Structure formats: C-alpha cells, structure tokens
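Trainee: Could you have a look at this structure, given as structure tokens, before my questions?
The values are calculated or read from the model by the stated rules, or taken from the named source; none is laboratory data. This structure is a prediction, so every number in the text was calculated from the model and none was measured. As a convention, Cβ positions derive from the backbone with ideal geometry for all residues, glycine included, and neighbour counts pool all protein chains shown. The area values use the complete protein model at the heavy-atom level, side chains included, leaving out ligands, DNA and RNA. Shrake-Rupley method; radii C 1.70, N 1.55, O 1.52, S 1.80 Å.
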Amino acid sequence: MTQTGARPNLRRSFLFVPGSEERKLAKAPALGADAVILDLEDGVAPARKGEARTLIRAFLQAQNGRAIEWLIRVNGFHTPYFEADLEASVRAGPDALVIPKVDSPELLQLVDGHLTGAEHASALPPGSLKLFALIESARGILNAPAIATATSRLVGLILGHVDLSVDLGIRPGRAGEGIVQHARCQLVMAARAAGMDAVDTICLNLQDHEGLRAEATQAAALGFTGKLAIHPAQVSIIHEAFTPSAEHVMRAERVLETWRQAEAEGRGVCTLDGELIERPVVEAERRVLERARQAGKL
Ligand code: COA
Ligand code: MG
C-alpha cells in the first residue's frame, strides 16, 4: 500500500486493537494513537483467527492517507497460525509487523526468511516490511542485544511484561516494580545501543489513570521512546508523558541561548541557575526541542 499524507515522526503510543472486533477497528483511526497494533495473537480467540485476518486486510485496504502507522501483530513463529498470518499480513500492506515471543536472534532470522518469501509472492521488494520484536520471556531479555541486531528489518524492541511475569513464575504487576523494572532497563539499553525504538509494556489497570501517568513518565525517563496502550483513554496520558512539557521546552530554549552566548565569548562551558552547561547537556536539550517540534509543540 502506498504511504501518503503526513505521518508523525514520533511513536509515543501503540494502541492494541483486536483484529476480530469490527466495532473497535472502525474506531481505531480516530483515537489519536501514533501507531495502532492490529492484533491477530492473544487478543483474538483461536476460532476467529481466519476471520480476523480477513477483517484486518479489508480494513487496511480501506485506509487512504496514513496519518498514523498501522502494525499487525501476528501469532508466534512456532504456532500453527504463523504462516497464514504472515501471508495475509503482507497482502494487507501494514507499515510493520510485530513478532511476539521473540527469545533469540535465530528466531527473528527465521521470521525474516519467511517474510522475504511472502514479499516475493506479493511482488514486494525484499526487506521492505519492517519489524518490531516483542520480548516477553527471561531468555528474550537476556538475548535482547543480539535480537536487536538480528535483522535490518527491525525498527524497535517492545517489552511484554505479562508473559515475562508468567515465564518468571511471578504475578503480573506494575512495570516499575521488582524484576520487571530490571527487564525494562535491559531492553532500553539493547534497543538504544542498536539505535532503535524502545517501547514499554502495557498497564493492565484501565481505571488507574494516575498509575499509568506515573508509569509512562518513568518509562520516558528511563529512555523508552513510547508505550503500549490497550484502551483509548490511555493514549493521551501516554502522549503527555512522552512529549516535552512547556516548562521543559522553555528551559531547553534558555540553555541553548546561554550556550550561544558562551560560544560567542569563546567558552566551552558555562552555568545556568547554578548548573553546569557543557556540550552533552546542550545536545540533550536540543533533542528535547526536536521532540517538541515533532509533536507539533513548537
Ligand atoms: N481499540 C478501539 N476501540 C476500543 C478499544 C481498543 N483497544 N478499547 C475500547 N474501545 C472502545 C469500545 O468499543 C467502546 O466504544 P463503544 O462504547 O462505542 O463500543 C469505548 O472504546 C469504551 O470502551 P470501554 O467500554 O471502556 O471498554 P470495553 O469494556 O469495551 O473494552 C477491553 C475493554 C480491555 C476489552 C478493550 O479495551 C480492549 O479490547 N483492549 C485491547 C485488548 C487487547 O488487544 N489485548 C491484547 C494485547 S495486550
Ligand atoms: Mg504476550
């Protein structure tokens, strides 16, 4: 499918929409998410996988002008659904696929090979379809650095803490608690070292908006670039956490102005409000302004 229209440069929110639910699919384009994940995996009952493939394909083909990114989450490589999911997904023309339960670079390379075959069958250039790897097991977390460099199709790593918790034999709780926080740090390191998106896990509690706000703010502070959402009400809260505040933008502008003056005076360091300003500090603030610009806040 051709990609037309303005699209955001930021991927702050990734909203899951079960592929078998027509009512939710119909709402998806207007919910404000930067990216939507059309789900064929755990959000769809086994008996409805085929129907969901058909619905997703028809739905995507009806979208003209892509203001948001459309992703499809297929079932895992080792499931009986994988081949049919892949074939249907390539034909549907999404922007990228989400591969669940990635626990090794070899698994991603196998997926890559199958995808090249499916692209060939659909007369698409090999390697054109991009991937996100959903990492949701202890083995996946330990292998995250190798997974991040397994294929040039990969554009991001996503943390799935619910399956990870099952794998660890613990009750799925909040992302910021216990060993899941450790997994978050490892995933961010691996993704950022490979220069790709790092996407934080879901917040299971749909009613606790303040809890989600705290979790998303913490994710942004850890270096995540975006976060998964499961309900429309979560999207704007996530966007706020991943968009520089007006206060932060003002501070960044003051830092840059102070730096310009220091440079004009031939100095390589200076201070602002009692804090040291040096080159990496200035670079961090430039990135804040760039994110604000991409979010339409400048
Ligand atoms: N995508 C699109 N629309 C959604 C939505 C979603 N993920 N979640 C809810 N909506 C819609 C509902 O259809 C409803 O609209 P309607 O009243 O016109 O039908 C509206 O938003 C409000 O929904 P609400 O009543 O608060 O929630 P619900 O009880 O209908 O659904 C969930 C709750 C959790 C089942 C639903 O949010 C959902 O399906 N989320 C995705 C879950 C998923 O994909 N999980 C797998 C990955 S972890
Ligand atoms: Mg999962």
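Trainee: Placing one identical point scatterer on every Cα of region 1-92 and ignoring solvent, what is log10 I(q)/I(0) from the Debye formula at q = 0.16, 0.23 Å⁻¹?
Mentor: -0.61, -1.18
Trainee: From the phi angles alone, apply the Karplus equation (6.51, -1.76, 1.60; θ = phi - 60°) to region 175-180 and give each ³J(HN,Hα) in whole Hz, x where the residue is Gly or Pro.
Mentor: So the J values, rounded to whole Hz, are 4, x, 9, x, 5, 5.
Trainee: Using the Karplus equation 6.51 cos²θ - 1.76 cosθ + 1.60 (θ = phi - 60°), what ³J(HN,Hα) coupling, rounded to whole Hz, does each residue of region 222-237 give in order, writing x for Gly and Pro?
Mentor: For region 222-237, the Karplus-derived couplings read 6, x, 5, 9, x, 8, 6, 10, 10, 9, x, 5, 7, 5, 5, 5 Hz, x marking Gly and Pro.
Trainee: In the neighborhood of ILE135, defined by Cβ-to-Cβ distances under 10 Å, what is the net charge if each Lys or Arg adds +1 and each Asp or Glu adds -1?
Mentor: Net of charged neighbours comes to -1.
Trainee: Ordered by residue, what ³J(HN,Hα) values in Hz, to whole numbers, does region 16-29 give under the Karplus form 6.51 cos²θ - 1.76 cosθ + 1.60, where θ = phi - 60° and Gly and Pro are x?
Mentor: The phi angles translate into 6, 10, x, x, 8, 10, 4, 4, 6, 4, 4, 7, 3, x Hz.
Trainee: Mind checking which aspartates and glutamates have their C-alpha under 12 Å from LYS130, skipping anything on the same chain fewer than 8 residues away?
Mentor: LYS130 reaches GLU69, ASP95, ASP112, GLU119.
Trainee: In units of 2.2 N^0.38 Å, what is the alpha-carbon radius of gyration of region 118-193?
Mentor: My calculation over the Cα atoms of region 118-193 gives 1.29.
Trainee: A further question follows. Scan around LEU272 for amide H atoms under 5 Å from its own, H built in the peptide plane at 1.01 Å from N, and keep only partners 5 or more places away or cross-chain.
Mentor: Residues meeting the amide H criterion: ILE277.
Trainee: Once you have the Kirkwood Rh of region 246-294 from its Cα pairs, apply Stokes-Einstein at 4 °C and 1.567 mPa s and quote D in µm²/s.
Mentor: Details: Rh = 10.9 Å.
D = 119 µm²/s.
Trainee: Now for a different question. Taking a ≥ b ≥ c as the square roots of the Cα gyration tensor eigenvalues, with a/c under 1.5 meaning rounded and otherwise prolate when a/b beats b/c, else oblate, which class fits region 13-241?
Mentor: On the way: a/c = 1.60, a/b = 1.20, b/c = 1.33.
Oblate shape, in that a/c is at least 1.5 and b/c is the bigger or equal ratio.
Trainee: Using a 1.4 Å probe on the protein heavy atoms, what percent of the accessible area of region 13-241 belongs to carbon and sulfur?
Mentor: Carbon and sulfur together cover 56 percent of it.
Trainee: Calculated from DSSP H runs of 4 or more alone, at -39500 (n - 2.57) each and per residue, what is the 222 nm mean residue ellipticity of the chain, nearest 500?
Mentor: -14500 deg cm²/dmol
Trainee: Here is a follow-up. Ignoring ligands, DNA and RNA, what accessible area per residue does the chain give at 1.4 Å, in Å²?
Mentor: 47
Trainee: Given H placed on each backbone N at 1.01 Å, which residues far from LYS130 in sequence or on other chains put an amide H within less than 5 Å of it?
Mentor: Those lying under 5 Å, H to H, from LYS130 are LEU97.
Trainee: Using the alpha-carbon centroid of each, what span in Å lies between region 172-209 and region 225-291?
Mentor: Each part reduced to its Cα centre gives a spacing of 22 Å.
Trainee: Follow-up. If the elastic network links every pair of Cα atoms under 10 Å, which of GLU247, GLU22, GLU106 fluctuates the most in the Gaussian network model of the chain?
Mentor: GLU247
Trainee: Measure up LYS49/LYS101; LYS27/LYS101; LYS27/LYS297; LYS49/LYS227; LYS24/LYS49 against 23 Å on the Cα-Cα distance and list the ones that go over. Intermediate results must be reported in sequence, preceding the final value.
Mentor: Numbers: LYS49/LYS101 18 Å; LYS27/LYS101 28 Å; LYS27/LYS297 26 Å; LYS49/LYS227 26 Å; LYS24/LYS49 16 Å.
Over 23 Å Cα-Cα: LYS27/LYS101; LYS27/LYS297; LYS49/LYS227.
Trainee: Given a 1.4 angstrom probe, I'd like the percentage of the accessible area of region 246-294 that is carbon and sulfur, rounded to a whole number.
Mentor: Answer for region 246-294: carbon and sulfur cover 50 percent of the accessible area.
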